[in-house]
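The values are calculated or read from the model by the stated rules, or taken from the named source; none is laboratory data. Bear in mind that the values here come from a model prediction, so they are computed numbers and not experimental data. Every residue, glycine as well, gets a Cβ built from its backbone with ideal geometry; the counts of neighbours run over all protein chains shown. Each accessible area value is taken on the protein alone, full model and side chains, heavy atoms only, with ligands, DNA and RNA left out. Shrake-Rupley method; radii C 1.70, N 1.55, O 1.52, S 1.80 Å.
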Amino acid sequence: MTPQQFLAEFGHIAGAPGGIARLRGLVLQLAVSGRMVEPSNSGRSVADEINAACKLRLAYESKIGLRTTRLHPPINSEPFDIPSHWQWVRLEQLTLYIQRGKGPTYASGGSTYVVSQKCIQWSGFNLQPARHLADTSLSEYGEERFLCGGDLLWNSTGTGTAGRVAIYPLKTTERAVADSHVTVIRLANSIPS
């Protein structure tokens, strides 16, 4: 089926029983198998990208006084086949920071929000259900724990909520930290749109 045929028949496919779910599955399968984008011709190898990310992470860690991350060894085997223009790497090789949040001391008001699982929805990020962190406990949080625009927030625990991912907004003036049910992933060289 050509893209033109698909678009012409889209209404019929979407209107069929279970059609939307099947379309979602198709798009997910195409994305995971690397068939949604063309291979990059940027001239930079995956090794170049990893080296750049490692340099950024080291600079970031020294800037905020974090101990240097001890990286795990490279991946030796491929769990499943991937497109030829992809490469297996560990997530830590592409990030500045990966850490679960910590258990907060809540207050009825304060200068900092606590992002919980309720804030991370399938539809995106919503600060509305967030509670406040007690200002008296701010000294227990290192600078790296305060959320930055573009951080990936992943519900890493919870029945019915585990697996949801949202991006912390780029243009926010609110200070926030994550609670212990949310993992923060700060990518080294990616700015979400």
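Could you tell me which numbered condition residue 172 fails, if it satisfies all but one of (1) in contact with a Ser or Thr (Cβ under 8 Å, 6 or more places away or on another chain); (2) within 22 Å of residue 63 (Cβ to Cβ); (3) β-branched (Val, Ile, Thr)?
Going through (1) in contact with a Ser or Thr (Cβ under 8 Å, 6 or more places away or on another chain); (2) within 22 Å of residue 63 (Cβ to Cβ); (3) β-branched (Val, Ile, Thr) one by one, residue 172 breaks only (1).
So the check is Cβ under 8 Å with 6+ separation or different chains; which pairs have a first residue in the stretch 140-157 that's assigned to a helix (DSSP H, G or I) and a second one that's at pLDDT 90 or above and open to solvent by less than 40 Å² (accessible area, probe 1.4 Å)?
145/101; 145/177; 145/178; 145/184
Among the listed residues 72, 85, which satisfies the condition of being loosely packed, with under 14 Cβ neighbours inside 10 Å, in contact with a Pro (Cβ under 7 Å, 6 or more places away or on another chain), at pLDDT 70 or above and not in a helix (DSSP H, G or I)?
Working: 72 fails: in contact with a Pro (Cβ under 7 Å, 6 or more places away or on another chain).
On inspection, the qualifying residue turns out to be 85.
Out of (1) modelled with pLDDT of 95 or more; (2) under 19 Å from the mean Cα position of the chain (by Cα), the odd one out for residue 132 is which?
(2)
Assess whether residue 78 counts as being more than 20 Å from residue 170 (Cβ to Cβ), not aliphatic (A, V, I, L, M) and not in a strand (DSSP E or B). First the steps, then the outcome.
Working: more than 20 Å from residue 170 (Cβ to Cβ): yes; not aliphatic (A, V, I, L, M): yes; not in a strand (DSSP E or B): yes.
Answer is yes for this residue.
Condition test on residue 136, is it open to solvent by 40 Å² or more (accessible area, probe 1.4 Å), free of Cβ contacts under 8 Å to residues at least 24 places away in the same chain, farther than 24 Å from residue 93 by Cβ and not in a strand (DSSP E or B)? Reasoning before the result, please.
Details: open to solvent by 40 Å² or more (accessible area, probe 1.4 Å): yes; free of Cβ contacts under 8 Å to residues at least 24 places away in the same chain: no; farther than 24 Å from residue 93 by Cβ: yes; not in a strand (DSSP E or B): yes.
Judged against the criteria, residue 136 is not a match.
Filter the stretch 98-128 down to the residues that are closer than 29 Å to residue 71 by Cβ, in a loop (DSSP other than H, G, I, E, B), open to solvent by 40 Å² or more (accessible area, probe 1.4 Å) and not basic (Lys, Arg) and list them by number.
Result: 103, single match.
Out of all the residues in the stretch 139-165, which are open to solvent by 40 Å² or more (accessible area, probe 1.4 Å), more than 27 Å from residue 188 (Cβ to Cβ) and of a type outside the set (S, T, N, Q)?
160
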